[in-house]
Amino acid sequence: MKKRWLSLSLCLCLFALPSLASEMDWSVVGSGGEIDEDCLTLYEYSGARVKFKSTATGTITVRYPVSAYGNANGLQPPWDTLRITSIDNSPLGSVTARLVSVNDCDGAETTICTVTGSGSPGCEDCTYSSTTIDFESLAYYIEATLTRSSTSADVQLIMLSLGY
């Protein structure tokens, strides 16, 4: 009887584990953004990734419009997490992303949160209030910045996600 209860308890715990993880409701691959016109000679795509050309250094700026459509939670999703998946293997480079809101009446922009990537590859999160996102009165975009001062730094943006 003890074994049966132990097995049942273990199964219930394993089924509960996925609910403890973040639910990413919106995502985009690194190659899905709009490259700033000042960076056109610096970048290349490799599948889902945006990265530096092998001989390039400097700063690449990429913007990703965030859409309310297609997420499971309508115009006021309870998102509270911006996640970056990137490769950043050197102090001579970095990958950052910031979630920005844009007021639909005056165009004022506000940074909601900023996250810096790390790892080879790795994920990093920043969190904010789950009541922040409201597509009824604001528009949103994510601005990613890849920088490197040496061609030896491997700096790549793989994916951006929003969720809870």
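Please treat every number below as a calculation from the coordinates, not as lab data. As the structure is a computational prediction, the values presented were derived from the model and not from experiment. Cβ: placed from backbone, ideal geometry, glycine included. Neighbour counts: every protein chain shown.
List of remarks:
- Spin-label model distance (nm) - L92 vs D125, 7 Å beyond Cα toward Cβ: 3.3 nm
- Under Karplus coefficients 6.51, -1.76 and 1.60, residue-wise ³J(HN,Hα) of segment 33-40 in Hz, glycine/proline x: x, 9, 6, 4, 4, 6, 10, 4
- Amide H contacts under 5 Å for D25, placed H, 5+ residues apart: L162, G163, Y164
- Cβ-Cβ distance of N103 and T41, R₀ of 30 Å, FRET efficiency by 1/(1 + (r/R0)^6): the value works out to about 0.35.
- Rg over Rh [alpha-carbon atoms, Kirkwood Rh] for segment 23-163: 0.98
- Other residues lying with their Cβ under 12 Å from the Cβ of L40 contribute a combined charge of -4, Lys and Arg counting +1, Asp and Glu -1.
- 3J(HN,Hα) from dihedral phi, segment 94-111, Karplus parametrisation 6.51/-1.76/1.60, rounded to Hz, x for glycine, proline: 7, 10, 10, 9, 10, 8, 10, 9, 10, 5, 6, 9, 10, x, 4, 10, 9, 7
- Take the Cα of D134, go 7 Å toward its beta carbon, and the backbone nitrogen atoms of segment 66-105 under 11 Å from that spot belong to 76.
- Net charge of neighbours whose Cβ lies under 9 Å from the Cβ of G30, counting Lys and Arg as +1 and Asp and Glu as -1: +2
- Taking amide H as placed 1.01 Å from N in the peptide plane, V50 has its amide H under 5 Å from the amide H of G30, S31, L157, each at least 5 places away in sequence or on another chain.
- Note on Y69 and S150: with the Förster distance fixed at 35 Å, the Cβ-Cβ geometry gives a FRET efficiency of about 0.30.
- Peptide packing for 79-90, 50-61 was compared via the average number of neighbouring C-beta atoms within 10 Å per residue; ordered from the highest value, the list is 79-90, 50-61.
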